[in-house]
Amino acid sequence: MRLRLGPPALVIAGALALAGCGGSDSGGDSDSGKPELSVGSAYMPQPVSDDMAAGFLTVTNKGGAADDLTSVTSDVAGQVTVHETVDGAMQEVKSLKIPAGGRLELRSGGDHLMFEQLKRKPKEGQTVSVELRFAHSAPLKVEMPVKPATYTPKTGH
Ligand SMILES: [Cu+2]
């Protein structure tokens, strides 16, 4: 006799009004030769600075072709740049690759978004609207929740 369990529960953080990490039905063939992007795990630690903030997210590509994150805009910042971290020092990059069938992870200590010329200082509990633009795919809008300054995401997988 077997105990029948329901489908595994998806643990999704409360305020995360995002596409989330990989939904259950990922049907459709991936040999379309096109990138197929979705964004998850987005957050901004509440900035300590008055004019700068960092942001993190993951772009997943289920498609059969690579794409590049080329630019980012936000309602709270005059300018958003993409930074990579090399040997502990960050530097601006023109674009970041999202490999076919892979993902681009922006995370604390690594690649990240840099919000400059803040128009208002984001506070914990608020959300920040961000638009990501790509070399090939249509732009994606993300509502990025603002987390405590010391927040680090749990790896849910
Ligand atoms: Cu930076």
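The values are calculated or read from the model by the stated rules, or taken from the named source; none is laboratory data. Keep in mind that this is a model prediction, so the values were computed, not measured. Side chains included, ligands, DNA and RNA excluded: accessible areas come from the protein's heavy atoms. Shrake-Rupley method; radii C 1.70, N 1.55, O 1.52, S 1.80 Å.
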Can you give the Rg to Rh ratio of the range 47-138, both from alpha-carbon atoms, with Rh computed by the Kirkwood formula?
0.98
What lysines sit close enough to Lys154 to cross-link, taking a C-alpha to C-alpha distance under 22 Å and skipping anything fewer than 8 places away on the same chain?
Lys123
Provide Tyr151, Tyr43 ordered by accessible surface of protein heavy atoms (probe 1.4 Å), highest first.
Tyr151, Tyr43
For the range 79-127, what is the relative contact order in percent, using Cα pairs closer than 8 Å and at least 6 residues apart in sequence?
42
Students often forget the sequence filter, so: which lysines lie under 16 Å Cα-Cα from Lys62 once same-chain residues fewer than 8 apart are removed?
Lys34, Lys97
Keeping every protein chain in place, order Met52, Met144 by accessible area at 1.4 Å, biggest value first, i.e. largest first.
Met52, Met144
Taking a cut-off of 13 Å between Cα atoms, list the aspartates and glutamates near Lys141, but don't count ones fewer than 8 places away on the same chain.
Asp75, Glu131
